[in-house]
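So the structure is just underneath, and the comments pick up after that.
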Amino acid sequence: MTSFAIAIEPGAQPRLAAVLLLTHGFAAAGPWIAHCPPMLAAGLSLLALTGLLSSLARVPGPHCLLQGLRQDADGCRVRFLGQDGFLPATLGPGTRATAAFIVLEVVADGRRSGWLLPRGALPAGEFRRLKALIRLS
């Protein structure tokens with residue numbers, strides 16, 4: 001699959017992080033606004049805030065565990081935060097590609113990690129190649 005050779009290290013996505021923060025904030029406030037019983041509202045709000053942490057961990061930036069991805073003749077490889085070399089990886093079952101967004105899940109070294117990538121996070125050619133790679137795998 002060398003025709004889909006890619007090497008990506010997306011920059012930070014502060015707008016995506018802000019959208020996630022607002023969405024999860026509204027989800028956490030919703031049960032209180034709807035006057036749910038306090039125990040139920042607290043549980044639902046805690047669930048929304050826990051989801052925020054896992055969502056923000058997938059937004060590209062200096063805090064994200066996954067820092068780089070390469071696909072070439074040697075296969076798929078990833079680089080994690082604080083690591084110099086690339087490790088062999090596979091695309092996970094949670095990987096999805098749409099026209100404007102990619103949800104990338106990779107499994108490497110017994111760890112699952114990934115990115116939430118809007119179209120503007122990568123150059124147009126890299127975004128198309130990554131989408132093609134995802135759809136063909």
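The values are calculated or read from the model by the stated rules, or taken from the named source; none is laboratory data. Bear in mind that the values here come from a model prediction, so they are computed numbers and not experimental data. Positions of Cβ are backbone-derived with ideal geometry, glycine not excepted, and every protein chain shown enters the neighbour counts. The accessibility values were calculated without ligands, DNA or RNA, using every heavy atom of the protein model including side chains. Shrake-Rupley method; radii C 1.70, N 1.55, O 1.52, S 1.80 Å.
Key figures
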quantity: Answer from Gly125, Gly85 - the residue that is exposed (fewer than 12 other Cβ atoms within 10 Å of the Cβ) and in contact with a Lys or Arg (Cβ under 9 Å, 6 or more places away or on another chain); calculated: Gly85
quantity: Matching residues in the stretch 96-118 - criterion: being open to solvent by less than 30 Å² (accessible area, probe 1.4 Å) and without any contact (Cβ under 8 Å) to a residue 40 or more places away in the chain; calculated: Ala97, Ile102, Leu104, Glu105, Ala108
quantity: Tally of residues being in a loop (DSSP other than H, G, I, E, B), among the hydrophobic types (A, V, I, L, M, F, W, C) and buried (at least 17 other Cβ atoms within 10 Å of the Cβ) across the stretch 52-82; calculated: 2
quantity: Members of the stretch 9-34 that are open to solvent by less than 70 Å² (accessible area, probe 1.4 Å) and assigned to a helix (DSSP H, G or I); calculated: Leu16, Ala17, Ala18, Leu20, His24, Gly25, Ala27, Ala28, Ala29, Gly30, Pro31
